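Undergrad: Just dropping this structure here.
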Amino acid sequence: MNSNQIRQKFLDFWAAKEHQILPAESFVVKFPYLEAISRTNLWTLPFYPLSLGEKHPPENHSATLQKYISPNIQVLTQRHPTFFEMLTHWGDYSKQQALTWAWELCTEIYQIPPSRLVVSVDERDTESAAIWRDKIGIPEQQIVISRWNSWRPNAGGHCGISTRIHYDCYPERGYESAALEEDIEFRSKSKEEYDREDRIGHILPEEDLRFLSFYQLVFMESEASQYGNQRTPLKTNYMACGMDLERLATILQGCSSFYQTDLILPVIRRAAKVAGVDYDLADISTKVALRLIADHMRSVVHLKADYYYLKPQYNGGNFMQFSGLIFINKLIQMWVMRIALYSQILGIEEPSIERSIEKVVALGEAFYPHLRQQQNEINSYLTQQESYCWNMLEGDRKKGIVSGYLLGQLFRTYSCYRQDVEKWTQKKGISIDWHGYNLMLGPEID
């Protein structure tokens with residue numbers, strides 16, 4: 001099942017359940033939602049007006065495709081890309097209705113074998129556990145009681161306990177260890193795993209994790225304050241639910257990693273073609289570099305498509321919106337610099353971002369037609385940014401040494417890793433002026 005079919009089946013399913021199908025919210029939204037962008041859980045962005053009582057009340061059951069920029073903008077993993085999509089729906093469901101529909105969507109519409117699904121519930125939520133077990137018929141061994149099934153936005157807002165549906169990647173391990181937290185959550189990596197050769201500062205291996213969490217159903221019941229732990233009960237409870245498209249595609253397309261799905265693999269292969277390498281035969285370092293380029297390409301194209309018509313101009317009015325747009329512009333520049341850096345690491349001799357832009361647009365235009373409509377503006381802006389970054393790198397490469405100034409720009413302005421820079425200098429055969437960089441930082445302050 002390709003990704004467009006996955007999206008359409010989701011929308012058709014909820015339309016048949018009398019849900020209003022809404023357009024995706026833009027990354028660039030009007031104040032007061034701007035603070036949510038790239039700083040909190042953006043998959044709930046359609047719920048912000050609902051939280052403020054402005055539109056889409058819970059009784060009007062709604063569904064949409066929602067774009068997302070991860071708050072973790074510096075580290076990628078096999079399961080955590082920078083840009084991804086959430087298939088979201090919400091309304092004033094009862095728990096039994098919501099859980100029954102969710103199970104129907106997973107097992108009947110997407111035809112995921114029930115034996116490969118495990119659900120987790122909060123230890124306080126005996127009602128959901130009983131519904132999963134007694135009403136839906138999930139075996140007791142496939143219901144995990146967890147202390148971590150709760151959700152709240154980072155900046156405050158509606159929150160509540162949740163129940164999640166996970167795909168079991170290794171059912172042969174048995175269920176004795178299923179309740180262990182490291183099997184359910186994204187677990188912390190040891191220093192040895194961070195130092196693995198295939199990390200390159202960005203993508204951490206997660207091939208040993210058993211469960212892939214892809215569907216979260218949150219019972220919104222209180223309002224969390226922005227600071228502290230104060231919570232106020234809501235006048236009307238409702239449910240906000242989201243499925244991770246990238247993870248769902250990984251499951252339905254029989255892939256071991258998101259980078260093998262049709263959402264990103266064509267972009268990876270386009271980058272590989274530009275670099276003159278065979279992706280399937282490449283070593284792990286080359287593959288990770290290509291994945292990083294493809295991941296960042298998806299991010300900058302979608303973000304720029306929403307952002308291009310808004311210029312960060314401050315005229316004494318809304319400073320918060322102005323600063324938010326500056327932040328978005330910085331994100332784009334940061335990712336373009338990484339694309340340029342890793343393109344040179346792969347041996348690409350000239351700027352080539354425009355060729356990958358076309359592939360991202362082609363993959364997304366069926367559900368996001370504004371990508372094609374704005375392609376000229378996207379090309380113009382991103383090629384300009386790439387040329388600027390490329391010239392910065394080439395200037396020091398021709399001198400044979402990376403200056404302290406450029407190091408400062410790469411580390412502090414573009415959030416590049418030391419491993420990135422060292423890999424690039426090794427590839428180009430140039431040295432690094434660490435002394436000049438330390439002088440630029442100034443004396444250490446105790």
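Undergrad: Could you please let me know if Cys389 is touching a Lys or Arg at 6+ places or on another chain (Cβ under 8 Å), within 30 Å of Arg298 (Cα to Cα) and not aromatic (Phe, Trp, Tyr)?
TA: no
Undergrad: Next question. Only strands (runs of 3 or more DSSP E) wholly contained in the stretch 111-200 count here; list those with 3 or more residues that are modelled with pLDDT of 65 or more, among the aliphatic types (A, V, I, L, M) and touching a strand residue (DSSP E or B) at 6+ places or on another chain (Cβ under 9 Å).
TA: Counting at least 3 such residues, we get 117-122, 143-146.
Residue-wise test of (1) surrounded by fewer than 16 Cβ atoms within 10 Å (Cβ to Cβ); (2) assigned to a helix (DSSP H, G or I).
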residue: Leu363; (1), (2): no, yes
residue: Glu377; (1), (2): yes, yes
residue: Trp390; (1), (2): no, yes
residue: Gly395; (1), (2): yes, yes
residue: Gly408; (1), (2): yes, yes
residue: Cys416; (1), (2): no, no
residue: Asp420; (1), (2): no, yes
residue: Lys423; (1), (2): no, yes
residue: Gly436; (1), (2): no, yes
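Undergrad: Restricting the search to the stretch 217-261, which residues are open to solvent by 40 Å² or more (accessible area, probe 1.4 Å), touching an Asp or Glu at 6+ places or on another chain (Cβ under 9 Å) and under 22 Å from Gln5 (Cβ atoms)?
TA: Gln253, Ser256
Undergrad: Those residues that are among the hydroxyl-bearing types (Ser, Thr, Tyr) and in contact with a strand residue (DSSP E or B) (Cβ under 6 Å, 6 or more places away or on another chain), I need them from the stretch 254-305; list them, please.
TA: Selection gives Ser299 alone.
Undergrad: Any chance you could count how many residues in the stretch 343-361 are within 27 Å of Lys398 (Cβ to Cβ), hydrophobic (A, V, I, L, M, F, W, C) and assigned to a helix (DSSP H, G or I)?
TA: Here the count works out to 2.
Undergrad: Exactly one condition in (1) more than 30 Å from Ile432 (Cβ to Cβ); (2) surrounded by 17 or more Cβ atoms within 10 Å (Cβ to Cβ) is not met by Gln385; state its number.
TA: (1)
Undergrad: Related question: Looking at this structure, is Phe322 out of contact with any strand residue (DSSP E or B) (no Cβ under 7 Å at 6 or more places or on another chain), at pLDDT below 90, among the aromatic types (Phe, Trp, Tyr) and in a helix (DSSP H, G or I)?
TA: The answer is yes for Phe322.
Undergrad: Among (1) more than 30 Å from Asp262 (Cα to Cα); (2) in contact (Cβ under 8 Å) with a residue 24 or more places away in the chain; (3) not in a loop (DSSP other than H, G, I, E, B), where does Phe84 come up short?
TA: Condition not satisfied by Phe84: (1).
Undergrad: When you look at Leu212, is it under 30 Å from Ile339 (Cβ atoms), outside any loop (DSSP other than H, G, I, E, B) and at pLDDT 80 or above, yes or no?
TA: yes
Undergrad: Cβ-Cβ under 9 Å, sequence separation 6+ or interchain: first residue in the stretch 339-356 and aromatic (Phe, Trp, Tyr), partner open to solvent by 30 Å² or more (accessible area, probe 1.4 Å). Which pairs?
TA: Between residues of the stretch 339-356 that are aromatic (Phe, Trp, Tyr) and residues that are open to solvent by 30 Å² or more (accessible area, probe 1.4 Å), the close pairs are Tyr342/Lys423.
Undergrad: Right, next: Go through (1) modelled with pLDDT under 95; (2) farther than 23 Å from Lys67 by Cα one by one and return the number of the condition Tyr259 breaks.
TA: Only one criterion is unmet by Tyr259, namely (2).
The values are calculated or read from the model by the stated rules, or taken from the named source; none is laboratory data. Being a predicted model, the structure only gives us computed values, none of them experimental. So basically every Cβ, Gly included, is an ideal-geometry build from the backbone, and we count neighbours across all protein chains shown. Ligands, DNA and RNA are excluded from the accessible area calculation, which covers all protein heavy atoms including side chains. Shrake-Rupley method; radii C 1.70, N 1.55, O 1.52, S 1.80 Å.
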